[in-house]
Amino acid sequence: MSRDVSTRDIVYIALFAALMAAINLVPAFQVGFLPVPITAQTLGVMLAGALIGAKRGALAILLFVLLVALGLPLLSGGHGGLSVFFGPTAGFIIAWPFAAFVTGWLTEINWRRMNAVLFFVFSAIGGIGVVYLIGIPWLAMVAKLSLWDAAMGSLIFVPGDLIKAAVAAVIAETVRRSYPLMQAAR
Amino acid sequence: MTIGLYHPGRSPLHRASAGAKVAGLLVLSLALFLVPSEIVVFASVPLAFAVYLSTGVPFRSLLAQLRGPAILLGIIFAFHLVFGTVAEGLLAVARFATLILLASAVTLTTPVSAMAELVEWGLGPLRPLGVNPAKVGLAIALSIRFVPLIAEEFRLIREAQAARGLAANPLALIVPLVIRTLKSADELADAIEARGYES
């Protein structure tokens, strides 16, 4: 981590990585009309960017991904370990720190006029846009699928991701209003 | 106490150093994508399975761990079946099966602490770029310590809400969890600074 990361930043990064792990304990829930269950995983990615900023948010998620690689079963459903990074969907997980950075950066430059709608848009750009932009080509390349097929296969997760972006927006907006220290910390 | 997916044992893989195992895994994964021979790729699946079994972890928990990846590979094979050729699908699935088995074998036989040491060691050469391995180590240790604490906090909030007759609602659960986490982060940072920790 770079020179200007203070001890306080490290504590924030470590605790948000742990929070990301705890959020994955929220059981996957099924929404009637969707074919796949919604897991909370990218919710943590969106929240990290929106709540502790681009750099710290990205480092927190990077630390979380590192913990998974070290062999902690922190992914939804108790998955983890090195095998995750050799599977076909590794790109989606490797995209998370970048996603948190983009969401965080957009939030930072618009901090004075943030509201639930902007939180939703920025969460979607990072947590859906960036994740798919890295994850889909990765999947296509390693699984020898065409880009189109890989994109089609990933499409069933988009409705769930949109719901998560909305949930992230409501949470981020509630925290922004109820925990004024956030502004001071930034 | 052991945490994570590590399974204590005395197999040859358990005795090998973490660095050697991870380096071997990286070399093999690269080789598997570069070797043009299909026979080698297919032959590597039973070999990788043998390595996986050699960890000496009870068979039932080994199979349980493979279920998730197996479903995923099934979906990918189905895509190849519909839009491509059977041969291509088999090849893709065989590659993944080998790598997932070997990577799982490494994770099952390497304690998290040994992996964390390996990361700190690997980050050493990045020092000139401003990366401080000791700070990364502190972050890893802190977050490993805090995962069970925040999970406990999560359970307490859930129970408090259930006692008041509220159903599990992700919104109502996560907002207090986030705020409590931010508060404890501030307190912890104050405590560390008050004790003059600077690295």
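Annotations
- Options B:A189, B:A163, B:A167: the member that is over 22 Å from the mean Cα position of the chain (by Cα), at pLDDT below 85 and not assigned by TED's automatic domain parsing to the domain that holds B:R60: B:A167
- Residue in the stretch B:28-49 that is nearest to the other protein chains (Cβ to nearest Cβ), counting only those that are under 19 Å from A:G81 (Cβ atoms) and within 21 Å of the chain's Cα centre (by Cα): B:S29
- Candidates B:A64, B:A48, filtered to the one that is surrounded by fewer than 19 Cβ atoms within 10 Å (Cβ to Cβ) and either assigned by TED's automatic domain parsing to the domain that holds B:S29 or in a helix (DSSP H, G or I) (or both): B:A64
- Applying the set (1) farther than 30 Å from B:R145 by Cβ; (2) touching a His at 6+ places or on another chain (Cβ under 9 Å); (3) of a type outside the set (G, A, S) to B:Q65 leaves exactly one unmet item: (1).
- Given (1) of a type in the set (A, V, I, L, M, F, W, C); (2) modelled with pLDDT of 85 or more; (3) over 23 Å from A:G77 (Cα atoms), index of the condition B:A134 fails: (2)
- Exactly one residue among A:S178, A:S146 is within 12 Å of another protein chain (Cβ to nearest Cβ), more than 30 Å from B:A92 (Cβ to Cβ) and either among the hydrophobic types (A, V, I, L, M, F, W, C) or surrounded by fewer than 18 Cβ atoms within 10 Å (Cβ to Cβ) (or both), and that residue is A:S178.
- Scope the stretch A:69-83; condition outside any loop (DSSP other than H, G, I, E, B) and surrounded by fewer than 23 Cβ atoms within 10 Å (Cβ to Cβ); matching residues: A:A69, A:L75, A:S76, A:G77, A:G78, A:H79
- Every residue from the stretch B:67-96 that is hydrophobic (A, V, I, L, M, F, W, C), over 16 Å from A:M141 (Cα atoms) and more than 9 Å from every other protein chain (Cβ to nearest Cβ): B:A70, B:I71, B:A78, B:L81, B:V86, B:A87
- Any hit, the stretch B:115-128, residues being more than 8 Å from every other protein chain (Cβ to nearest Cβ), among the hydrophobic types (A, V, I, L, M, F, W, C) and surrounded by fewer than 16 Cβ atoms within 10 Å (Cβ to Cβ): yes
- Screening A:F122 on (1) crowded, with 23+ Cβ neighbours inside 10 Å; (2) more than 14 Å from the chain's Cα centre (by Cα); (3) among the aromatic types (F, W, Y) shows it passes everything except condition (2).
- Only residues that are facing chain A (nearest Cβ under 9 Å), outside any helix (DSSP H, G or I) and either free of Cβ contacts under 8 Å to residues at least 24 places away in the same chain or aliphatic (A, V, I, L, M) (or both) were counted across the stretch B:169-199, and they come to 2.
- For the criterion of being assigned to a helix (DSSP H, G or I), within 12 Å of chain B (Cβ to nearest Cβ) and aromatic (F, W, Y), A:W138 fails.
- Subset of the stretch B:129-139 [facing another protein chain (nearest Cβ under 7 Å) and aliphatic (A, V, I, L, M)]: B:V131, B:V136, B:L138, B:A139
- Residue tally, condition out of contact with any Phe, Trp or Tyr (no Cβ under 9 Å at 6 or more places or on another chain) and either without any contact (Cβ under 8 Å) to a residue 40 or more places away in the chain or of a type in the set (S, T, Y) (or both), over the stretch B:48-64: 10
The values are calculated or read from the model by the stated rules, or taken from the named source; none is laboratory data. What you see is a predicted model; the values in this text were computed from it and never measured. Cβ atoms come from the backbone with ideal geometry, glycine included; neighbour counts cover every protein chain shown.
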